[in-house]
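The values are calculated or read from the model by the stated rules, or taken from the named source; none is laboratory data. The structure displayed is predicted, hence computed values, not measured ones. Cβ sites come from the backbone with ideal geometry, for glycine too, and all protein chains shown count toward neighbours.
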Amino acid sequence: MRIMNYLGLLGLSLLPLLSSCAREFRSGSYLLVGATLIRPAEGLAAHSVIEVTGDRISAIYTEDQYPDDEPTVDVRGKFIMAGLTDSLSEMSTQCEADEAIRYGVTSVVATAGLDRGAINLSLNPSPVIYPMALIKSRGIGGTFTLDQLDEQVSSALQNSDGVKFVDLNKDMNASQMAYLLPRLREDNKIRINAELASAAYRDAVGVHNLLHTEWYFDPLAPDSIRDLPDLQTNASSLLNFYRAVDGESSTTQEHSKFLVKNFFLTPALGLYSFHDFATFAAFSKYYEERNTCGIPMTRVSESVYTNYANNQWAESLYALERANKRNGARYLAASANPRFGTLPGLSLLNDLYKMKEVLGLTNDEALATATVNFDRAYGLKSVGRVQPGYYANLLILNRNPQEDLRYLQTDITAVVLRGQLSSR
């Protein structure tokens, strides 16, 4: 058996050796031998051997029984887990792709428009990108007709092969939802997200995942707030709304139980990390020190920071999301890059930290939101698990992030991206 110990030969750094390893194994199979396999929500498997063929995992063996005719990489003493999936992010520049990979993100549901750049499918290297088309309910002339909605769907999907993601945008009404959902579900390759922000959530059963789940408490706010025409665009109205909803009331609990029964939820709590800083200047300093890609800070300024802080916006929002957690919510992780001073890769980790800190998820549950839950939500059978047939998107770590999530920042020594070993 030919053993290539790329993980410390003669005390040299792992990273350049893995790069040369990637070139050597580019066209064939190889084995990652001896690591402890981390399967969030499903347990550990010590002394595992993972066979990679092309861009896929082809087999998993134990260390005492595996093929002896393939090149091997000795990863004994290391931990291996599925790469992370960001369920909502921009992915438009090579720098963003590089930063995402550096923080262990190997798959992204990418969206464009508004203050996000265009989706760029020619990036290399890049996470696996699933483009998400935006289906709008309203235009400049008012609410779109059903024919206009159909045109949007046809346009969004006509040049898309394989799995297709769509995002049903705000203010869809009941008739629009009743038309769109059967139309979209005719194609079993379509995965449906929604940002409804209105009572239409009751008509949304059949949607896979709800984005920004705090919005779905709108119907519970007092009429004096809920009926404001600018509820979702005026910061003061939105802040008053969050403060007005009682996260402990029986009405809120009933509402929450409906949400968690029917949908996966993506609160994107990392959006609110700027609340953790005592001043806007402190947050700006943190952002600029980590903003490798020069991404303009959007939707957060000193006045917004002050307004949100004075109105205890984050605390009110967290109280609502805790109601979902108590009722058994199934979560997906998202960076929401570049909104509110979020960054590729790093802000996905911030979302995991927030779900632990604010909602009380265990480390293992938080890891599941960026791995196996994505597979459970959408059933793609290609990302989110270390399993034969899935993409060989893997993280190799010195320490187990089930013990401390911050090992995702400090202890990733290499990333396997669609079968290719590369440095972090």
Which one of these does I57 not meet: (1) closer than 29 Å to D187 by Cβ; (2) outside the structural domain of E403 (by TED's automatic domain parsing)?
(2)
Residues in segment 218-227: is at least one within 30 Å of R191 (Cβ to Cβ), in contact with a Ser or Thr (Cβ under 9 Å, 6 or more places away or on another chain), surrounded by fewer than 17 Cβ atoms within 10 Å (Cβ to Cβ) and at pLDDT below 85?
yes
Looking at (1) at pLDDT 95 or above; (2) in a loop (DSSP other than H, G, I, E, B); (3) farther than 25 Å from G389 by Cα, which one does C95 not meet, given that it meets all the others?
(2)
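Tell me whether segment 262-277 contains one or more residues that are in a helix (DSSP H, G or I), assigned by TED's automatic domain parsing to the domain that holds H212 and over 27 Å from G345 (Cβ atoms). Lay out the reasoning, then the answer.
Taking segment 262-277 and keeping what is in a helix (DSSP H, G or I), we get 262, 269-276.
Filter once more, so that each one left must be assigned by TED's automatic domain parsing to the domain that holds H212: 262, 269-276.
Imposing the further condition that a residue be over 27 Å from G345 (Cβ atoms) reduces the set to 262.
Within segment 262-277 (the criterion being in a helix (DSSP H, G or I), assigned by TED's automatic domain parsing to the domain that holds H212 and over 27 Å from G345 (Cβ atoms)), the answer is yes, since at least one residue qualifies.
Which of the following residues is surrounded by 13 or more Cβ atoms within 10 Å (Cβ to Cβ), among the charged types (D, E, K, R), touching a strand residue (DSSP E or B) at 6+ places or on another chain (Cβ under 6 Å) and at pLDDT below 95: E51, E24, E42, E63? Can you show your working first?
On the way: E51 fails: at pLDDT below 95; E24 fails: touching a strand residue (DSSP E or B) at 6+ places or on another chain (Cβ under 6 Å); E42 fails: touching a strand residue (DSSP E or B) at 6+ places or on another chain (Cβ under 6 Å).
The unique qualifying residue is E63.
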From (1) in contact (Cβ under 8 Å) with a residue 40 or more places away in the chain; (2) touching a Ser or Thr at 6+ places or on another chain (Cβ under 7 Å); (3) surrounded by 18 or more Cβ atoms within 10 Å (Cβ to Cβ), pick out the condition that doesn't hold for T111.
(2)
Just for segment 168-197: of the residues that are in a strand (DSSP E or B) and not basic (K, R), which one is nearest to R138 (Cα to Cα)?
L168
Which ones in segment 336-358 are at pLDDT 95 or above, in contact with a Pro (Cβ under 9 Å, 6 or more places away or on another chain) and not in a helix (DSSP H, G or I)?
P344
Verdict on L361 being under 17 Å from the mean Cα position of the chain (by Cα), in contact (Cβ under 8 Å) with a residue 24 or more places away in the chain, under 17 Å from P267 (Cβ atoms) and assigned to a loop (DSSP other than H, G, I, E, B)
yes
Segment 204-216 residues that are over 16 Å from H255 (Cα atoms), paired with ones that are buried (at least 24 other Cβ atoms within 10 Å of the Cβ) and among the charged types (D, E, K, R) (beta carbon under 8 Å, 6 or more apart):
none
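Determine which member of the set A377, A329, A368 is within 15 Å of the chain's Cα centre (by Cα) and either assigned to a loop (DSSP other than H, G, I, E, B) or under 30 Å from R76 (Cα atoms) (or both). Outline the logic, then answer.
On the way: A377 fails: either assigned to a loop (DSSP other than H, G, I, E, B) or under 30 Å from R76 (Cα atoms) (or both); A329 fails: within 15 Å of the chain's Cα centre (by Cα).
Step by step, each of A377, A329, A368 is checked, and only A368 is within 15 Å of the chain's Cα centre (by Cα) and either assigned to a loop (DSSP other than H, G, I, E, B) or under 30 Å from R76 (Cα atoms) (or both).
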Which condition number does A281 fail, the rest of (1) of a type outside the set (D, E, K, R); (2) surrounded by fewer than 18 Cβ atoms within 10 Å (Cβ to Cβ); (3) outside any helix (DSSP H, G or I) being met?
(3)
